[in-house]
Structures are given as C-alpha cells and as structure tokens.
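Structure record follows, encoded as structure tokens.
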Amino acid sequence: MSVQASTVLASALRTGTTNSSSINVPDWTPADPRSLTIVMDVTAATALTGLTAEVQWSVDGTVWAAVDGTKDITVTVITGVTTICKQVPVKAPYYRVQAIVTGTNATFSVKAAYQA
C-alpha cells in the first residue's frame, strides 16, 4: 500500500470561512478501515481568537456534512505558531476541509494523507 498525500489548503492569510476542494478517496467502501491524517500548520496569527477546522464528508462530492456532527479538529485561542495533527477514520468516498477563523486573521495550511 502507498500513502496518498496532498495539500488540502495551501498556506495563505485567511479570514472567515474557507472550504477546500473535493478530494476523492478511491475505492472506499463502508467497511474500509483506512484513516485520514490531517496536519494543520498555523504559521502566523493576528488578533486570532479561534481557528476551527472540520473534515466534511460526501457520498457524491457535492453535498457535505460532518458525519457524526462533531468537529474533527478544533483549536481555540491560538496565540502563536502551532502545528496540529489528527487522525480520523475515512467515512465516505469524498472529503473536504472547512476552516473557520474567528478574530482578525491567520496564515495556515492544511495537508492530508491516507493509505491507498
């Protein structure tokens, strides 16, 4: 098996809500034991009061939801540079990451990898 890694959100200054593009997990089935590793790298923050990232799932790459209703990655009150790594089970054949910045702004990237 090989590891499929991609940059989900490239490093950029962001405010408000940002959605990544749709990413397909080939050959996924409901019995699939694979997991998705998400790495969020915050490289700068200005008057940031919170940064939340949610992995959203889709069966068709169009309609999105957090399958269990909870945020997969949550960071609050960031005061500087940080890196967060989280592993979540793959729950559908497509995923995207939604990032919500509260406060002024943040510069961050999100990368993801899964075993193919």
(request) List every residue pair whose Cβ atoms sit under 7 Å apart, with the two residues 6 or more apart in sequence or on different chains, where the first one lies in region 18-34 and is under 16 Å from Gln87 (Cβ atoms) and the second, anywhere, is of a type in the set (Phe, Trp, Tyr) and part of a loop (DSSP other than H, G, I, E, B). (result) none
(request) Kindly indicate whether Ala92 is assigned to a loop (DSSP other than H, G, I, E, B), modelled with pLDDT of 80 or more and under 15 Å from the mean Cα position of the chain (by Cα). (result) yes
(message) Name the residue that is nearest to Asp60 (Cα to Cα), counting only residues in region 14-45 that are aliphatic (A, V, I, L, M) and surrounded by fewer than 15 Cβ atoms within 10 Å (Cβ to Cβ).
(response) Ala31
(request) Please list, ordered by first then second residue, the pairs with beta carbon atoms under 8 Å, 6 or more apart or interchain, first in region 96-110 and under 18 Å from Ser21 (Cα atoms), second surrounded by fewer than 21 Cβ atoms within 10 Å (Cβ to Cβ) and among the aromatic types (Phe, Trp, Tyr). (result) Arg96/Trp64; Gln98/Trp64
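The values are calculated or read from the model by the stated rules, or taken from the named source; none is laboratory data. These numbers come from a predicted model, not from an experiment. Here the Cβ is made from the backbone with ideal geometry for all residues, glycine too, and neighbour counts use every protein chain on show.
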